[in-house]
1. (1) of a type outside the set (S, T, N, Q); (2) more than 25 Å from residue A:537 (Cα to Cα); (3) at pLDDT 85 or above: which one isn't true of residue A:418, the others all being true?
2. What tally of residues in the stretch A:38-62 results from selecting those that are touching a residue at least 12 places away in the same chain (Cβ under 8 Å), within 16 Å of the ligand (Cβ to nearest atom), more than 14 Å from chain B (Cβ to nearest Cβ) and surrounded by fewer than 16 Cβ atoms within 10 Å (Cβ to Cβ)?
3. Name the residue that is surrounded by the most Cβ atoms within 10 Å (Cβ to Cβ), counting only residues in the stretch A:556-582 that are farther than 19 Å from residue A:462 by Cα and of a type in the set (D, E, K, R).
4. Go through the stretch B:44-75 residue by residue and tally those that are assigned to a loop (DSSP other than H, G, I, E, B) and over 15 Å from residue B:128 (Cβ atoms).
5. Out of the residues in the stretch B:39-78 that are small (Gly, Ala, Ser) and over 14 Å from the mean Cα position of the chain (by Cα), state the one that is nearest to residue B:227 (Cα to Cα).
6. So which residues in the stretch A:90-105 are surrounded by fewer than 21 Cβ atoms within 10 Å (Cβ to Cβ) and either away from chain B (no Cβ under 11 Å) or part of a loop (DSSP other than H, G, I, E, B) (or both)?
7. Tell me, yes or no, whether the stretch B:17-28 has at least one residue that is more than 14 Å from chain A (Cβ to nearest Cβ), more than 22 Å from the chain's Cα centre (by Cα) and over 24 Å from residue B:219 (Cβ atoms).
Amino acid sequence: MWTTKTFLTKTKRGNILKIVREHYLRDDLLCGSAACNTCPHKDDELVLETSPDSPCALFDFPHYLVLDTNVVLHQIDVLEEDALTNVIILQTVLEEVKHQNTAVFQRLLDIISNKKRKFYSFVNEHHKDTYIERSPGEKQNDRNDRSIRKATSWYEYHLSINSLDGKFPKIILVTDDENNRKLAQEDGIICCSIKDYIENVSGFVGLVDKLSKNVMPETCSKDALYPAHLTPSQIHEGIRCGQLYQGTYHASRENFLEGNASVNGFEKSILLQGHIGINRAIDGDIVAIEIFPKEEWRKPSNIVLEDKTEDPENILEEETVLLDAAKPVDNDDEITPTGKVVGIIRRKWRQYCGILMPSKFHGATRHLFTPAEKRIPRVRIETRQSEILASQRILVALDSWPRNSRYPLGHLVRALGPIGDKDAENEVILLEHDVPHARFSEAVLNCLPPNDWTIPEEERQKRVDLRDVCVCSVDPPGCTDIDDALHARRLGSSDGLATYEVGVHIADVTYFVKPDTALDKEAASRSTTVYLVDRRIDMVPELLSSNLCSLRGGEERLAFSCVWEMDENANVLSTKFHKSIIKSKAAMTYEEAQIAIDDSSRKDEIAKSLRVLNKLAKKLKKKRLDSGALLLASPEIRFQVDSETHDPIEVQAKKIVDTNSMVEEFMLLANTSVAQKILEEFPQCAMLRRHPAPPPANFDTFLKAARQQGFEIDVSTNKSFSKSLNEAVIPERPFFNTLLRIMATRCMQQAAYFVSGSLAADHYYHYGLACPIYTHFTSPIRRYADVVVHRLLAASVAGAGPHAALLDARRQAALADTLNYRHRHAQLAGRASVALNTHILFKNRVEIESAVVLAVKRNALQVLIPKYGLEGPLYLPSEKFTYNEEEHVQKCGDVVLKTFDELTVRLSLDSSNLQHRKLVFELVEPHVPGFSYVPDAGNMEVDDVADTAAPSSEKTHKKREIPAAAAPKPSKKRKSRRK
Amino acid sequence: MPAADLLSSQGLRLDGRRPNELRRIRCKLGVFTQPDGSAYLEQGNTKVLAAVYGPHQASKSKMSTEAVVVNCQYSMATFSTGERKNRPRGDRKSQEMSMHLRQALTAAIKTEMYPRSQIDIYIEVLQADGGTYCASVNAASLALIDSGIPLRAYVTACSASLGRQSATHEPLVDVSHIEEAADGVCLTVASLPSTGSIALLEMSNRLHMDHFNIVLTRAMQGCRDIEVILDGAVRQHLAEGWTKQDVITI
Ligand SMILES: [Zn+2]
């Protein structure tokens, strides 16, 4: 049943190596067509129809399509539409696509697996009649093209001789390569370009808009604005001999003509400036860089520059502003290695949300698209629906960026909804941050237990019964996904110290989420619950997150318990882990718990238990701080949302009481205890969380700014850092210390999940918490990492063998990468949602607020409004202000503005451009004649700095773990993030 | 631990085989005249020569009054892999291979029939493309038959690995070099398929218990399939009548 021809391939590697591989050619591969009566198809293998209706006006006969690699790579958006069916995807194409772009490959596989689409993948490379060998001297690409033509001819022939009644579909080869078309026609194959084909398909509105634009070859220099990119082999050679460097391009958010690239071997990232220096690199691309000689190195221009030009067609504007600003001064320590992009190694394009800026000319089809993400340049797209789209949020994919085009070329993917519409805006946030937010599929919902599920008898047998223990939970108000509960009780005494039993009980999510089920896979791919101001995108369906897993008061629930024996100085004497059944006595808010502790008349069990917990937590915290844990801060706010419209009504500082910190301490303790246990049991594949110490260079600007305020901060270790942060207090400016901590937070590295076997043990350290190993165990309802940790812990305490995937170090490492990616994007999405709601809040109001300076730029101040956690630029005109580069200050007469200064600003929403609202900051205090805004007396209230600052400085210290920066704060129905 | 990408979405392996298909096996008995028995065997691109001497009187030091002493020597030709390497005879890897071969082959030979004697089996790998141990056992099995030494049964060896096709795990029989190199697990089993007994079992990596049975079953099935092929070759060899060796000795 299988033929056995072998063939030889010769491949060259570093030192020429001959590789011989077998290649089996088969005669049992099916053609997949219902028009064939020879191949022994089973029913579900008949993918292609007997006589499909032609969707295309050019061809009035039934036909199948064969696509070449470039058509798939460039036109995947068109293929995802339902317009094309009965398509043959050759293995040659599939493999090339896989090799060139894994994202497109995945999307193609999804299409193929969708039965309705009738895409058949034919294994032509292993079919005895369609396999061809590369002839001597033939290029791989030419061979592949020939292989595609060969398979096309074979299909035509195969169907013609095996058809049922002499009627059979024709085969049409779709390729944009003219040469290939010519050769195909010589072989008698019907062919067509994708553009011709799609433009003649009727019945699908907007399909043409999704066509990716033709690519001008890099070698063509007609009307070129940009220098040509080097070819891959030139780049490879350049990197090999050390003339070029490889790096990831990061565009600047503030200045569209500036960016940098992190390159191995350079402490500072490489500065790239101007159209030519950036040379069509787009944020995230992997680029090849040539670094200038040292004399030509410059420094970041420090100006805020937006691409505002009115559709300039294809001209590059003057860049003198930028280049002047970046001229180096002698011995400037900010001089950065500078270079230019000479080639693109790999594009990392995704789809971008944004708005259309219709052309001024009526009836034009070429328009500009402005992405929501400031780091992405504007995109030229073609559409005939510009009038409808102008008021919509749209999704656009990039196609190419030829040398003669000012902007990259792209095409419309779909419209998301009207601008300003809450749902459309939320959709934008979710898409931009790659948050999977589709409804849970049938398959996932089928994994759920029934709504009236109760604990089955056999689980009661297996678990420790803690229903009589006085367990309670403490959470923010309105929290419905309660994943932790606590208890504490007096045991006795040892060595003259009182001893206590303290338990942390975590929702037993893994009981419901079994490995490798559809539910498990969906949860893993979501990785985390995402909190927007008015919406929560759950990681697991609501039945679990808000009911069966949630440790509600008064209900019996399954839990995973971590129970310590502790002495009164909070030293852990013993630790045990077990699955249990609990019945929470009360689900309290932080405030309720605080009242229970403070009210000395309360002598009930709950209050007693809480008091013990609170006392021990304080001792734990002190120990932690003594060993060097950092208290950092982020501006945190909380919206009050209208219960019907979901519009924000008011925003306020989050209130924080002792009990927040109490719960946090025990969660930290549980996480570290579990981390030790799973690492001990699974040294190679424990899922842990690390936080690397920041490189000293991160602190440069921060230290300089602190020095201007008269403080020397010692950042050599986390302990000394923590100590000097504590000492940097200005009594009359209570917010100053918090501000310092906010800035310090921004110097930090990201904490990340990793698999223990993938790193050396000295990299496990968690810098922010100052603990040698750490993991996440306490929030399995809303974090997938905790689910993995629960499974590992269950395997190590119950002795039951762990599930196979848990021990697959490589799969776990890939999972850790996904978790980190999702975690980061969930945070960003949350912040974007806060920004969106702030805009809505300010739609009809103007306020005068206290603000602080976060950074001084060449033409602007970056200011923060502590009350709202809002940040933005306050532009300073250069004719009034002079910028001192060495000191990083802006001067105008007597007024000197520097980092950490406190100002009063007027805050309003600029709605002049309805499509792109932005907040405008204007200076009120200190007063600069002719520049500062003068409020009408009595019309506006001015908040006193101290008023708003006092509660925030208190509150922001209580963060359970270092957040990257501002964490969005909960709306009515969301839960604060526990780390 | 199943390695990624060993199976395509259409369920074919990298070289075009289905998961349960062996590589092409070609073999020939009696390729040399000097030894008492010899065989040449190709399993895909892995090519092996085996020669058997004996039984003859055992050297004093090794002699056993109970059973025949089986002596194996495994070596790889300098040109057998992509990178040419001078392999001293008796390096660690060869010694280990020799020991494992000896274990598998001793299980098949009716050792009790020749006390105080010795059988020498020499195996040379001419080209290596994964599964050299399996090919060596299979070639030696043929060479033993060619030499006329009484065997309990055919001894054959086969390897198996684990691939993943979307969500389901699929064991892969007769692992080639690229599949071996893909960092998955490779289980090698030598068995006497007609009796169902296992002479040797070895794994290159950790394999989860959940998957062990399916991989082992597939490797055992591979052993049975190989036995059928070897048996066919032996029968054909005999049907051809006189072997070259016989022609010369007459
Ligand atoms: Zn057919």
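The values are calculated or read from the model by the stated rules, or taken from the named source; none is laboratory data. Computed from a prediction, not measured in an experiment: that's the story for all the values here. With ideal geometry, Cβ positions are generated from the backbone for all residues, glycine too; neighbour counts draw on all protein chains shown.
1. For residue A:418, the exception is condition (2).
2. The total comes to 3.
3. So, considering only residues that are farther than 19 Å from residue A:462 by Cα and of a type in the set (D, E, K, R), the one surrounded by the most Cβ atoms within 10 Å (Cβ to Cβ) is A:567.
4. Quick first cut of the stretch B:44-75, residues assigned to a loop (DSSP other than H, G, I, E, B) only: B:44-45, B:58-68.
Pick out the ones that are also over 15 Å from residue B:128 (Cβ atoms) and you get B:58-68.
So the count comes out to 11.
5. If we filter the stretch B:39-78 for residues that are small (Gly, Ala, Ser), which is where we start, we get B:39, B:44, B:50-51, B:54, B:58-59, B:61, B:64, B:67, B:75, B:77.
Narrowing the set further to residues that are over 14 Å from the mean Cα position of the chain (by Cα) leaves B:54, B:58-59, B:61, B:64, B:67, B:77.
Working: B:54: 24, B:58: 31, B:59: 33, B:61: 35, B:64: 31, B:67: 26, B:77: 26 Å.
Going through the qualifying residues, I end up with B:54.
6. Quick first cut of the stretch A:90-105, residues surrounded by fewer than 21 Cβ atoms within 10 Å (Cβ to Cβ) only: A:95, A:98-105.
Correct list: A:99, A:100, A:101, A:102, A:103, A:104.
7. So far as the stretch B:17-28 goes, no, none of its residues is more than 14 Å from chain A (Cβ to nearest Cβ), more than 22 Å from the chain's Cα centre (by Cα) and over 24 Å from residue B:219 (Cβ atoms).
Results for (1) within 17 Å of residue A:25 (Cβ to Cβ); (2) more than 14 Å from chain B (Cβ to nearest Cβ); (3) within 13 Å of the ligand (Cβ to nearest atom), shown as yes or no for each residue.
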| residue | (1), (2), (3) |
| --- | --- |
| A:119 | no, no, no |
| A:126 | yes, no, no |
| A:130 | yes, no, yes |
| A:152 | no, yes, no |
| A:167 | no, yes, no |
| A:183 | no, yes, no |
